[in-house]
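Peer 1: Please read through the structure below; I'll follow up with questions.
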Amino acid sequence: MKTLLKIPGVLVVGVGLALVVLSITGLDPKARRAGLWLKGDVQSFRYLIPHSVNIFFITDNGNLFLHADFDPGGTWPNGKSWTAAVARDPRVRLKLGDQVFDCKTYLITDKAAADSLFEVQRKKYPKSPYSNYRRRNDVFFLRVMPG
């Protein structure tokens, strides 16, 4: 009986130790795997519940934009967990190289502007699945501003 009680205790201690190590070392996202804490030169405030993803980005006229796409018929913002989180709180932490920036995002709601950004994206990522698409209603762009 004592052995059975020790197993959950060891698991809790092990998970706690793993989270402490990851909070120190970080766990950046890789390819299609989400991460946890971003490590780098932090510029301002901290988030309590980390979640990090890799996403497409483009620049246009000196402005930075993030790309969000959903399966056909998907709607903003509930197609992905990160877009739902950004809709609730537009503050994000963006990592470029080893630098981490606190930013705010703004959904591009103007159809003409979104169509233009879609064309910029097609040129930047010619081998992506989007290179042969016409502008779809389930592709969204977020402007990134210093936060």
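Peer 1: Any chance the range 126-136 includes a residue that's outside any loop (DSSP other than H, G, I, E, B) and modelled with pLDDT of 90 or more?
Peer 2: No, there is no match, as no residue in the range 126-136 is outside any loop (DSSP other than H, G, I, E, B) and modelled with pLDDT of 90 or more.
Condition check ((1) modelled with pLDDT of 75 or more; (2) among the polar types (S, T, N, Q); (3) not in a helix (DSSP H, G or I)) across all residues:
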{"residue": "12", "(1), (2), (3)": "yes, no, no"}
{"residue": "27", "(1), (2), (3)": "no, no, yes"}
{"residue": "48", "(1), (2), (3)": "no, no, yes"}
{"residue": "67", "(1), (2), (3)": "yes, no, yes"}
{"residue": "95", "(1), (2), (3)": "yes, no, yes"}
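Peer 1: Right, something else. Step by step: first the residues of the range 69-93, then only those that are surrounded by fewer than 18 Cβ atoms within 10 Å (Cβ to Cβ) and under 13 Å from residue 147 (Cα atoms), then the one that is modelled with the highest pLDDT. Which residue is that?
Peer 2: Ranking the qualifying residues of the range 69-93, first place goes to 90.
Peer 1: Is there a residue being under 12 Å from the mean Cα position of the chain (by Cα) and either surrounded by fewer than 12 Cβ atoms within 10 Å (Cβ to Cβ) or among the polar types (S, T, N, Q) (or both) anywhere in the range 99-113?
Peer 2: Checked against the condition, which is being under 12 Å from the mean Cα position of the chain (by Cα) and either surrounded by fewer than 12 Cβ atoms within 10 Å (Cβ to Cβ) or among the polar types (S, T, N, Q) (or both), the range 99-113 yields at least one hit.
The values are calculated or read from the model by the stated rules, or taken from the named source; none is laboratory data. What you are looking at is a predicted structure, and each value in this text was computed from that prediction instead of being measured. Every residue, glycine among them, receives a Cβ derived from its backbone with ideal geometry; neighbour counts consider all protein chains shown.
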